[in-house]
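Student: Mind having a look at this structure? Questions to follow.
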Amino acid sequence: MTPKRENGQGSVFYRKSDDRWCASLSLPSPSGKPRRVTRTAATERQAKVKLVELRREREAAPDGDIQTAVLNVEDWCRTWLNDIAAKEVRPKTAASYRTTVERYIIPAVGRKQLKKLSPDDVRGMVKSVTDLGLSTRSAALTYQVLSLALKAAYREGKVTRNVADLVNRPRTAKNELTVLTAAHGLKVLQAVTGWPPPIAPDRLASRWWAALFTGARQGELLGLTWDRVDFNRNTIDLSWQLQRLAWEHGCDTPCGFKRGNECPKRKLTAPADWEHRHLTGGLWLSRPKSSAGVRIVPIVPPLRAMLLHRQRASVLEANPHQLVWTTPTGKPIDPSRDSKAWHAVLALAGVPDARLHDARHTAVDMLYAAEVPEADIQEIVGHSVVSVTRGYKSRGNSPRLLDGMTRAAEAFMLEAP
């Protein structure tokens with residue numbers, strides 16, 4: 001006689017209506033109404049195997065529950081973005097995840113059942129990104145975002161494994177950067193300070209001097225306020241960054257506006273421990289999540305003179321947020337506008353076009369040319385070891401560059417009103 005099964009162990013039975021064997025298992029029900037999950041197979045043996053799999057899924061789930069409705073990759077990714085990632089990562093990172101999901105993950109594997117997603121599907125998704133003509137870096141980022149979503153699905157008991165772990169992370173090719181040398185940097189300094197005449201001085205000349213003498217990131221400088229510039233100790237506190245963030249709809253019912261920033265109840269979803277201050281529109285000041293992201297860097301002599309001049313000029317300008325650099329009307333400088341201004345400066349100086357972020361390489365050269373001690377250069381640009389700093393240095397620095405920077409600074413002081 002077959003021993004009687006314990007309650008909750010499920011059952012296997014034959015269904016005559018469609019000539020299929022069924023594996024059925026009871027699930028928890030908050031309402032008290034019976035709930036069961038059923039899976040079918042062609043033979044009794046296969047149905048028994050599926051019953052064992054169902055028991056394992058129920059045991060692995062945090063609440064002992066199993067997803068009864070078919071959950072596809074698209075549905076899960078949206079749930080992950082809205083309910084999990086938005087509360088764990090900073091808004092700009094969450095926005096990056098959302099863009100990757102919408103543009104690359106959903107078109108490639110969105111309709112696949114989450115539990116049936118295979119390593120081949122993941123590899124196919126990666127290939128679809130490169131087939132669009134995008135870089136290997138974009139493919140690697142897409143893989144990473146999908147892996148994070150699947151990792152969360154595993155924690156939530158939606159899947160029994162993260163299939164992305166079974167696929168090697170795509171290798172990324174190194175991009176050829178257009179690096180401005182110290183000689184190019186000197187031309188930029190001369191162009192924005194109005195040297196040689198008759199070039200008119202740039203109102204924000206010190207902005208570009210700061211980029212080339214600190215190696216700071218764009219957001220760190222655009223978010224710099226005067227209370228974090230210490231001329232007595234000759235230091236700059238790069239604790240806050242300016243960022244443009246997207247507002248979300250906060251209305252329960254459609255408000256009639258398409259964009260989140262127009263919603264009367266607009267909101268910004270962020271982790272509870274994220275420090276931030278709203279300035280205007282979509283521009284915010286934010287602090288790094290960890291103390292390792294906070295940097296206090298020294299002000300080298302050439303930059304000190306430029307900042308002092310900028311401080312004197314700013315007294316006569318509107319500046320409600322006390323930012324070091326603003327628009328003529330006193331508003332924060334939008335990062336996109338700042339980037340356009342950088343490319344215009346490079347064109348004015350007659351040097352190769354390069355990303356503003358790549359000026360960090362040039363900053364190392366400029367600091368060496370200004371005879372700043374190597375240990376200070378390492379601290380200024382935030383490198384953990386001095387060997388990395390030396391790797392940023394190009395050949396050809398000479399006293400001529402230091403002399404040129406000094407003359408450019410002196411010329412600006414004479415030309416400025």
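Student: Which is touching a strand residue (DSSP E or B) at 6+ places or on another chain (Cβ under 8 Å) and among the basic types (Lys, Arg), of 304, 310, 287?
Tutor: Being touching a strand residue (DSSP E or B) at 6+ places or on another chain (Cβ under 8 Å) and among the basic types (Lys, Arg) holds for just one of 304, 310, 287, which is 287.
Student: Regarding residue 130, is this residue buried (at least 16 other Cβ atoms within 10 Å of the Cβ) and farther than 12 Å from residue 100 by Cβ?
Tutor: Spelling it out, it is not the case that residue 130 is buried (at least 16 other Cβ atoms within 10 Å of the Cβ) and farther than 12 Å from residue 100 by Cβ.
Student: Find the residue count for segment 212-265, including only residues that are part of a helix (DSSP H, G or I) and within 17 Å of the chain's Cα centre (by Cα).
Tutor: 3
Student: Take the conditions out of contact with any Phe, Trp or Tyr (no Cβ under 6 Å at 6 or more places or on another chain) and either farther than 25 Å from residue 25 by Cα or at pLDDT 95 or above (or both) and apply them to residue 123. Does it pass?
Tutor: Here the answer is yes, as residue 123 does meet what is asked.
Student: One residue is enough: does segment 271-285 have a residue meeting the conditions in a helix (DSSP H, G or I), over 17 Å from the mean Cα position of the chain (by Cα), at pLDDT below 80 and under 24 Å from residue 88 (Cα atoms)?
Tutor: No, segment 271-285 contains no residue that is in a helix (DSSP H, G or I), over 17 Å from the mean Cα position of the chain (by Cα), at pLDDT below 80 and under 24 Å from residue 88 (Cα atoms).
Student: Shifting gears a bit: Please work out if residue 154 is aromatic (Phe, Trp, Tyr) and touching a residue at least 24 places away in the same chain (Cβ under 8 Å).
Tutor: For residue 154, the condition - aromatic (Phe, Trp, Tyr) and touching a residue at least 24 places away in the same chain (Cβ under 8 Å) - is not met.
Student: Condition test on residue 324, is it of a type in the set (A, V, I, L, M), modelled with pLDDT of 90 or more and crowded, with 17+ Cβ neighbours inside 10 Å?
Tutor: Judged against the criteria, residue 324 is a match.
The values are calculated or read from the model by the stated rules, or taken from the named source; none is laboratory data. In this text, all values refer to a predicted model and were calculated from it rather than measured experimentally. A quick note on method: Cβ atoms are made from the backbone with ideal geometry, for glycine too, and the neighbour counts reach across all protein chains shown.
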